[in-house]
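Step one of this worksheet: look at the structure below.
The values are calculated or read from the model by the stated rules, or taken from the named source; none is laboratory data. Small disclaimer: the values here were computed from a predicted structure and weren't measured. Glycine gets a Cβ as well: all are built from the backbone with ideal geometry, and neighbour counts include every protein chain shown.
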Amino acid sequence: MRISYTSRLSSAHLEGLQELMFFNEHQQQFRSAIVASIQQYGEPKLKSDAGYIRIHTDLLGQVQALFALEEEADDARPIGVAIYARTAEDTLTLLHIGVASDFASDGPQARHRVVMNMLRRLVHAGRQIKGVRKLVVLYGPEQNAEIRIRR
């Protein structure tokens, strides 16, 4: 098994991504923060466009995403998604994050640290964007946590 991270996901994974985002068994733990994010930035909507999945919200338009894929032989499945946007000149905001239950912190594949790896990649992406100094995480162990982005 190999885990890869990408900003583009084939439309062939639409159903798996919908399952991960909208029917995730861990959502109840973060219900109030998820609702607050949706109220502030809009509900994420998935759309197939030119063979790839695009994500947008009514309030922000198209947003960015980072996907984690578990790859085995000729098969791959989405196991993580981080949806984010530049919400201020100096800020990337992580609007939503989801991880497959077997890769969650209490799952049998927790050792792969999918959430931490996605966060590390978002911080790295932030370093590449002029003016971005922080990543705001809207939900998780600490709501509205700020991660400083150092150059």
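So if I check each of 68, 76, 36, which one is over 14 Å from the mean Cα position of the chain (by Cα), part of a strand (DSSP E or B) and among the hydrophobic types (A, V, I, L, M, F, W, C)?
Criteria check complete, one pass: 76.
Considering only the range 110-143, state which residues are on the phi > 0 side of the Ramachandran plot and either β-branched (Val, Ile, Thr) or within 15 Å of the chain's Cα centre (by Cα) (or both).
113, 140
Given the conditions (1) farther than 24 Å from residue 120 by Cβ; (2) under 15 Å from the mean Cα position of the chain (by Cα); (3) of a type in the set (A, V, I, L, M, F, W, C), report the number of the one that residue 81 does not fulfil.
Answer for residue 81: the failing condition is (1).
Specify which of the listed residues (97, 147) is surrounded by 17 or more Cβ atoms within 10 Å (Cβ to Cβ), β-branched (Val, Ile, Thr) and not in a loop (DSSP other than H, G, I, E, B).
On the way: 147 fails: surrounded by 17 or more Cβ atoms within 10 Å (Cβ to Cβ).
From the options 97, 147, the qualifying one is 97.
Among (1) at pLDDT below 95; (2) in contact with an Asp or Glu (Cβ under 7 Å, 6 or more places away or on another chain); (3) surrounded by fewer than 17 Cβ atoms within 10 Å (Cβ to Cβ), where does residue 108 come up short?
So residue 108 meets the others, but not (1).
Can you tell me which residue is surrounded by the fewest Cβ atoms within 10 Å (Cβ to Cβ) among those in the range 1-30 that are at pLDDT 85 or above and out of contact with any strand residue (DSSP E or B) (no Cβ under 7 Å at 6 or more places or on another chain)?
Among residues in the range 1-30 that are at pLDDT 85 or above and out of contact with any strand residue (DSSP E or B) (no Cβ under 7 Å at 6 or more places or on another chain), the one surrounded by the fewest Cβ atoms within 10 Å (Cβ to Cβ) is 23.
Under 8 Å between Cβ atoms, at least 6 apart or on separate chains: pull out the pairs that start in the range 72-96 with a residue that is farther than 17 Å from residue 45 by Cβ and in contact (Cβ under 8 Å) with a residue 12 or more places away in the chain and end on any residue that is surrounded by 17 or more Cβ atoms within 10 Å (Cβ to Cβ) and among the acidic types (Asp, Glu).
These pairs meet every condition: 76/70; 77/70; 79/70.
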